[in-house]
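Reviewing the structure listed below.
Read-outs throughout are calculated quantities, based only on the coordinates presented, and are distinct from any laboratory measurement. Since the structure is predicted, the reported quantities are computational estimates derived from the model, not experimental observations. We place every Cβ from the backbone using ideal geometry, glycine too, and count neighbours over all the protein chains shown.
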Amino acid sequence: MPICTGENLYTRQEFRPFIEAGGLHIAHIDIPKAGGLLESKRIADLADLHYIPTCAHNASSIVGIVASARTRP
């Protein structure tokens, strides 16, 4: 069963142990909680190095929805 988690992790330092240990199959990034677009991109890049896809947690604002739509899978 694939595990999609991370919406309550805040930085790439918090995602790193899960990604490196194979503790998730999809990194689920909450863009506002993760520190915005730049930190979310860094998390996505880290996940990509380990061939882990990412998805954005749907934030509860128009800006958050647009930001989520702009992230790569």
Residue-count net charge about His57 - beta-carbon cut-off 13 Å; Lys, Arg +1, Asp, Glu -1:
-1
Okay, which of region 17-52 sit inside 17 Å, backbone N to the point 7 Å along the Cα-Cβ direction of Val66?
31-32, 36-38
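So what's the back-of-envelope 222 nm ellipticity for the chain, counting only DSSP H runs of four-plus at -39500 (n - 2.57) apiece and dividing by all residues, rounded to 500?
Working: 4 runs with 35 residues, N = 73.
Using -39500 (n - 2.57) per qualifying helix, the result is -13500 deg cm²/dmol.
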Select one label from [x] 58; [y] 22; [z] 49: the one whose number is percent of Cα pairs over 19 Å apart as derived from the coordinates shown.
[y]
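Going highest first, how would you order 15-25, 29-39 by mean Cβ packing within 10 Å?
Highest to lowest by the protection proxy: 29-39, 15-25.
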